[in-house]
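Undergrad: Mind having a look at this structure? Questions to follow.
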Amino acid sequence: AGLAWHWLRRNPRVRYALDRMALRLPLLGSLVTNNDGARFARTLSVLLSSGVNMVPAVTICARSASNGCIRELLEHTAERVREGESLSSPLGEAGILPPLLVHLIANGELTKMLDTAAAAQERSVQTQISVMLGLIEPLLILAMGTVVFVIVLGILLPIFDMNQLI
């Protein structure tokens, strides 16, 4: 299964389809968008405060996205910013990145707001990971209990059969 997954992810069309599907999943989708949104905001903030112009900075940030759909959105955003639009309008129109991030980019001083947005998205990612881990713990306990139950049954059933023969 792992080799099949790796082979499928190497195909660009399949990878894009899997990335699009990952954005639609209930818990995973928000985790991916918040994680890539935080990465985008933090990277863009560092690049802009270092003196890089907006268009090359957004292009560089697009390469840092882990999800293909978000990467495509950021590349499209860089093209529209090159044409003279604001940064927040293409991000808001797509509806992929979290609305808080888009709102903070649209208002205020860009580098300060990007730092604030990145911190908010990173907190959101941490919260979502802890919630997911909290949900996984009981499932793991149930799975381990089932495995132990099957092993005990595998040992005890032959012993009971031998008792009946005697």
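Undergrad: Between region 1-56 and region 96-149, what's the alpha-carbon centroid distance in Å?
TA: After rounding, the separation between the Cα centres reads 14 Å.
Undergrad: Moving on. Averaging the inverse of every distinct alpha carbon separation and then flipping it gives the Kirkwood radius. What is it for region 1-149, in angstrom units? Mind dumping the intermediate values first?
TA: Details: mean 1/r = 0.0596 Å⁻¹.
Taking the inverse mean of 1/r over all distinct Cα pairs, region 1-149 comes out at 16.8 Å.
Undergrad: Let me ask something else about it. Kyte-Doolittle mean at least 1.0 and Cα extent at least 20 Å along the axis: which DSSP H helices of the chain qualify?
TA: Span-like helices here: 110-165.
Undergrad: Still on this model: For a Förster distance of 41 Å, can you work out the FRET efficiency between the beta-carbons of L139 and V55, rounded to the nearest 0.05?
TA: 0.35
Undergrad: Next up: Would you work out which of P12, P158, H103 lies farthest towards the positive end of the dipole of the chain? Charges go on Cβ: Lys and Arg +1, Asp and Glu -1.
TA: Looking along the dipole axis, the top candidate is P12.
Undergrad: Quick check: pseudo-label points 7 Å beyond the Cα along Cα→Cβ at F149 and S89, how many nm apart are they?
TA: Modelled inter-label distance: 6.0 nm.
Undergrad: So what does I141 come to for accessible area, using a 1.4 Å probe and Å² rounded to 10?
TA: Counting only protein heavy atoms, I141 exposes about 120 Å² to solvent.
Undergrad: Quick one: Kirkwood hydrodynamic radius for region 73-166, alpha-carbon pairs, angstrom, one decimal? Each step should come with its number before you reach the end.
TA: Working: mean 1/r = 0.0553 Å⁻¹.
Answer for region 73-166: a Kirkwood hydrodynamic radius of 18.1 Å.
Undergrad: Shifting gears a bit: What is the dipole size for region 41-159, taken about its Cα centre, with +1 at each Lys and Arg Cβ and -1 at each Asp and Glu Cβ, in debye to the nearest 20? Write down the numbers at each step before the final one.
TA: On the way: 7 positive and 10 negative charges, 45 e Å.
In total the dipole reaches around 220 debye.
Undergrad: Then there is this: Taking the solvent-accessible surface of protein heavy atoms with a 1.4 Å probe, what is the per residue accessible area of region 5-158 in Å²? Spell out each step's value before the answer.
TA: Working: 9300 Å² over 154 residues.
Averaged over the residues of region 5-158, the accessible area is 60 Å².
Undergrad: Would you work out what percent of the accessible area of the chain, with all protein chains in place, is carbon or sulfur (probe 1.4 Å)? List each step's numbers first, then the result.
TA: Details: 7000 of 10670 Å².
Answer for the chain is 66 percent, counting heavy atoms of protein chains only.
Undergrad: Using r as the Cβ-Cβ distance of H76 and Y16, and R0 as 22 Å, what FRET efficiency do you calculate, to the nearest 0.05?
TA: Values: r = 14 Å, r/R0 = 0.64.
The pair H76/Y16 has a calculated efficiency of 0.95.
Undergrad: Which whole-number percent of Cα pairs in region 61-103 have a distance greater than 15 Å? If you can, show how the numbers build up before the last one.
TA: Numbers: 329 of 903 pairs.
Tail of P(r) above 15 Å: 36 percent of Cα pairs.
Undergrad: Taking 7 Å along the Cα-to-C-beta vector as the label spot, tell me the L156-Q126 distance in nanometres, rounded to one decimal.
TA: 4.6
The values are calculated or read from the model by the stated rules, or taken from the named source; none is laboratory data. Please read all numbers here as calculations on a predicted model, not as lab measurements. As a convention, Cβ positions derive from the backbone with ideal geometry for all residues, glycine included, and neighbour counts pool all protein chains shown. The protein model used for the area step is the full one, side chains on, heavy atoms only, and it has no ligands, DNA or RNA in it. Shrake-Rupley method; radii C 1.70, N 1.55, O 1.52, S 1.80 Å.
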